[in-house]
Amino acid sequence: MTTGPVLEEQLGQAAELARAAVLVDLAAVEFLDAGGLRVLVRWHLALTRQGVPLVLCGATGRATRAMQITGLDQVLYVRPDIEQAMHWLDHG
């Protein structure tokens, strides 16, 4: 709830600079609430319209569970770690 605006701001800055993709490392995220999920979905849609994928990686525990429960793990580009995210970006 308190970090949602920070995430929003950081993704906005990344979107301005993005050429090929925006990669979000969630490894340090312990909890992902509805507000955080909303921010990720909003930026996924906005970046997709620009032809730039938003790729999430490194999520564990409750953050992963939140994406699974909501089905967003089937909608968003989610990879287990940075290496696999980079491989997916290179090879689809």
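The values are calculated or read from the model by the stated rules, or taken from the named source; none is laboratory data. In this text, all values refer to a predicted model and were calculated from it rather than measured experimentally. Every residue, glycine among them, receives a Cβ derived from its backbone with ideal geometry; neighbour counts consider all protein chains shown. When the accessible area is computed, the model is the full protein with side chains, heavy atoms only, and any ligands, DNA or RNA have been set aside. Shrake-Rupley method; radii C 1.70, N 1.55, O 1.52, S 1.80 Å.
Worth a mention:
- For segment 49-82, the tally of residues that are at positive phi and open to solvent by 50 Å² or more (accessible area, probe 1.4 Å) stands at 2.
- Flag if Gly12 is out of contact with any Leu (no Cβ under 6 Å at 6 or more places or on another chain) and at pLDDT 90 or above: yes
- Matching entry among Ala27, Ala34, Ala46, Ala85 (being of a type in the set (A, V, I, L, M, F, W, C), in contact with a helix residue (DSSP H, G or I) (Cβ under 9 Å, 6 or more places away or on another chain) and open to solvent by less than 40 Å² (accessible area, probe 1.4 Å)): Ala46
- Pairs, first of a type in the set (Phe, Trp, Tyr) in segment 38-59, second at pLDDT 95 or above and surrounded by 14 or more Cβ atoms within 10 Å (Cβ to Cβ), C-beta under 8 Å, six or more apart: Trp43/Val22; Trp43/Leu54
- Any hit, segment 16-26, residues being modelled with pLDDT under 95 and in a helix (DSSP H, G or I): yes
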